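Have a look at the structure below before the remarks.
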Amino acid sequence: SSPPASSATAPSVADVNAPKQPFVIGVSGGTASGKTTVCDMIIQQLHDHRVVLVNQDSFYRGLTPEESERVHEYNFDHPDAFDTEQLLDCIKTLKSGQPYQVPIYDFKKHRRCSDSFRLVNASDVIILEGILVFHDQRVRSLMNMKIFVDTDADVRLARRIRRDTVERGRDLDSVLEQYAKFVKPAFDDFVLPSKKYADVIIPRGGDNHVAIDLIVQHIHTKLGQHDLCKIYPNVYVIQSTFQI
Ligand code: ADP
Ligand code: C5P
């Protein structure tokens, strides 16, 4: 007997033989929420698949000479700070199975390294991580799964102070000033409103091993479905909804 139409789909022969499209995961959340940490944990657990990580930070625009002179007045947390057209081009290219030369961004100099790129190759899974990866509808529409890393603001600020003073060449006063002037208002105006697009919200970031295990299981299932369909073309695949 046939399964109910609403809960199951039968892959067609064309679907089964179609080249496998990479599974695209978007990971968003406030600054220092643990996005990179969560991505690294997912990548570690997906060791039997080819996974690439693309950071939205790589697509920060370079500053004009005037902007560079007044860098403390520049809002790096506004959507316009990113070259979203180039980010779209990157994800579309990787989705089509082609490699892409991703720019390398220097947080100390606030600019891209002009002569070096990171060559990102075709893969089974593409993870796109950044504070505003859910802001643009065109970028969102390329994602198969959207994760929001939800960490308290005081924890994020404490981590950011440590990271920016140790790794990004900033002093305490400039970190606090930038946070109050740009980072916090932009979080309220742009990052937090984009949380509604998430399929999965991870409280406590990388400390939440249960959430990360569940996400990895789901990705394994999604990647496995295609292979299973190739072996058993008459098997119906039950579509499931995923929530934590
Ligand atoms: P994001 O990518 O969201 O900016 P990161 O994963 O890079 O965040 O984390 C920001 C900083 O906080 C890093 O220095 C990282 O080592 C630290 N950090 C991240 N998650 C944790 C955690 N669960 N416990 C302690 N420190 C953490
Ligand atoms: O890694 P994280 O998600 O925190 O990176 C985004 C943050 O980097 C933004 O909140 C922005 O304020 C900061 N940034 C910066 N200087 C730059 C570029 C970005 O402080 N040149």
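The values are calculated or read from the model by the stated rules, or taken from the named source; none is laboratory data. Everything numeric here is computed off the predicted structure, so don't read it as measured data. All Cβ positions, glycine included, derive from the backbone under ideal geometry; neighbour counts span all protein chains shown. Note: accessible area is taken over every heavy atom of the protein model, side chains too, but ligands, DNA and RNA are not part of it. Shrake-Rupley method; radii C 1.70, N 1.55, O 1.52, S 1.80 Å.
Structure above, values below:
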{"read-out": "Rh by Kirkwood over Cα pairs, then Stokes-Einstein D for the range 52-122 at 1.002 mPa s and 20 °C, µm²/s", "value": "165 µm²/s"}
{"read-out": "Nearest-10 value in Å² for the accessible area of ILE126, using the 1.4 Å probe", "value": "0 Å²"}
{"read-out": "Computed FRET value (nearest 0.05) for HIS78 with ARG204, which takes r as the C-beta separation and R₀ as 25 Å", "value": "0.35"}
{"read-out": "Exposure of HIS220 as accessible area (Å², to 10), given a probe of 1.4 Å and all protein chains", "value": "60 Å²"}
{"read-out": "Stretch gain in nm, segment GLU177-ARG70, where the contour uses 0.36 nm per residue and the Cα spacing is subtracted", "value": "37.1 nm"}
{"read-out": "For the range 200-216, Karplus couplings with θ = phi - 60° (6.51, -1.76, 1.60), whole Hz, Gly/Pro x", "value": "9, 10, 9, x, 6, x, x, 6, 8, 5, 5, 4, 5, 4, 5, 5, 5"}
{"read-out": "For the range 180-192, Karplus couplings with θ = phi - 60° (6.51, -1.76, 1.60), whole Hz, Gly/Pro x", "value": "6, 7, 10, 5, 5, x, 5, 4, 5, 7, 10, 6, 4"}
{"read-out": "Residue-wise HN-Hα coupling along the range 33-38, computed from phi with Karplus coefficients 6.51, -1.76, 1.60 (Hz; x: Gly, Pro)", "value": "6, x, 4, 4, 4, 4"}
{"read-out": "Trypsin sites (Lys or Arg not before Pro) within the range 34-140, DSSP loop, no more than 13 other Cβ atoms inside 10 Å", "value": "ARG50, ARG70, LYS108, LYS109"}
{"read-out": "Fraction of accessible area attributable to carbon and sulfur, the range 52-122 (%, probe 1.4 Å)", "value": "46 percent"}
